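What follows is a single structure, written as structure tokens, with notes after it.
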Amino acid sequence: MEEGKALSDLHDDLVPAGVLDRVRVNLGASIQVKAYGQLLSSLGVGGYRDETLGTSGAIDYGNEHFTCFQFGYDWRRSSVENAALLGAFIREKKAYVETENRKRYGDSRPVRFDLVAHSMGSLVARYFLQYGTRPLPTDGSLPALDWSGARDVEKLIVVAPPNAGSTTAAEQLLNGYRPAPILGEFPPALLGTMPALYELLPRHRHGSVIDETDTPVNLFDPAVWKERQLGLLASPEDATLKRLLPSVDSRDERLRVAEDHLQKCLVNAERFHAALDRPAARPENTRLYLFAGDATPTLDRIRLTGKGRAQKDAEAPGDGTVTRASALLSASPDKDGFVPRSPVDWNQTTFIAADHLGLTSNATFTDNVLHLLLDS
């Protein structure tokens, strides 16, 4: 965090090291949990042979692993920035695959990619398809929606997409996050430095955050965070702010830096939502598919307490992280019973009884994804 600097200019020395395919935890005995490993292996059955798995020796693909790639990105940073990196990644791999096709097969046809994106990755992919590598303009306007990124994409498959945000993200920004009982906690002030988490906030119009009197609270208003001492502005979070801002001596100065950062993140998130919520006809030569879970009770509304924290108030069908309504980018009926249509004109939507990560290893999901990818 630094005053006078744009979010895109704030960097540290961490870099993404690929897609998380599995997790090993050593508790005396080693426990391995697959993340995206099952999905990557299943795609290989259909000929989508991942370059990283092939070159690492995890799976023996011979020399037939030059057309499928993992795009790892820094999920703390804005999805707008990551969309630009995705565009550069696709251009690089497009040139590589077209060169290999000419060398191996004498095939000079242009290459278009299929994208499979999970969770936040769905937002990165959607922004790229609609706006290409362009950032959000600094004057508060929105870039032209020309589907420029879709020119290099034949099919987009999004899985468990938080299209209308996730109340779970709001709860974590206010209360912190502990991934598992055996792991440490990420305090609110640390999570509050990450622009991407604010981009996951639920839309204010959906009433997902209420106060002690059942009144909807607008978390996109910086004054609400300051008045109620929420997230990285909470008094107990000063210890974390000291670690994040070691050169800043006084609490007042630390709060000023934190408030400045918070406002930048909220403004960026609102504009990002406005960009994704614009209705647009589907690009003619690109197919859009959505997979979501709708059989698990999922946090849908939180209530702010007097202590600057939040507690569960209501649940709705979803995958345990993203509600069905958010995946569809729809809303609750208004007083006349009208439900707004999703601005995304999906070719197909499929609902599966699995949780947020379990969707990617579900057998029904795998069968359907391979069918969509291989059907042409």
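Brief remarks on what is shown
- When residues of the stretch 1-23 are limited to those that are open to solvent by 60 Å² or more (accessible area, probe 1.4 Å) and in contact with a Phe, Trp or Tyr (Cβ under 9 Å, 6 or more places away or on another chain), the one farthest from L191 (Cα to Cα): R22
- Residue within the stretch 109-119 that is closer than 26 Å to I302 by Cα and under 21 Å from the mean Cα position of the chain (by Cα) present: yes
- Exactly one residue among A180, A196 is open to solvent by less than 50 Å² (accessible area, probe 1.4 Å), of a type outside the set (D, E) and at pLDDT below 95, and that residue is A180.
- Here is the figure for the stretch 149-170: residues that are among the small types (G, A, S), touching a residue at least 60 places away in the same chain (Cβ under 8 Å) and over 21 Å from V111 (Cβ atoms) total 5.
- Look at (1) of a type outside the set (A, V, I, L, M, F, W, C); (2) surrounded by 13 or more Cβ atoms within 10 Å (Cβ to Cβ); (3) over 18 Å from P188 (Cα atoms) and you find that N285 fails only one, number (2).
- Subset of the stretch 199-219 (residues that are in a loop (DSSP other than H, G, I, E, B) and buried (at least 16 other Cβ atoms within 10 Å of the Cβ)): L200, L201, P202, R203, G207, S208, V217, L219
- Considering residues of the stretch 227-260 that are outside any helix (DSSP H, G or I) and without any contact (Cβ under 8 Å) to a residue 60 or more places away in the chain only, the residue most open to solvent (accessible area, probe 1.4 Å): D249
- Of all residues in the stretch 99-112, those that are over 17 Å from F69 (Cβ atoms) have Cβ atoms under 9 Å from Cβ atoms of residues that are open to solvent by 60 Å² or more (accessible area, probe 1.4 Å) and part of a helix (DSSP H, G or I), 6 or more apart or on another chain, in S108/R102.
- Single match in D107, D146, D139, D114 (criterion: assigned to a loop (DSSP other than H, G, I, E, B) and under 28 Å from S41 (Cβ atoms)): D107
- Scoring T67 on the criteria (1) open to solvent by 50 Å² or more (accessible area, probe 1.4 Å); (2) out of contact with any helix residue (DSSP H, G or I) (no Cβ under 6 Å at 6 or more places or on another chain); (3) more than 20 Å from V267 (Cβ to Cβ) leaves a single failure, condition (2).
The values are calculated or read from the model by the stated rules, or taken from the named source; none is laboratory data. None of the values given here were measured: they were computed from a predicted structure. Methodologically, a virtual Cβ is constructed for each residue, glycine included, from the backbone with ideal geometry; neighbour enumeration extends over all protein chains shown. Accessible surface is based on the protein model in full, side chains and every heavy atom, while ligands, DNA and RNA are left aside. Shrake-Rupley method; radii C 1.70, N 1.55, O 1.52, S 1.80 Å.
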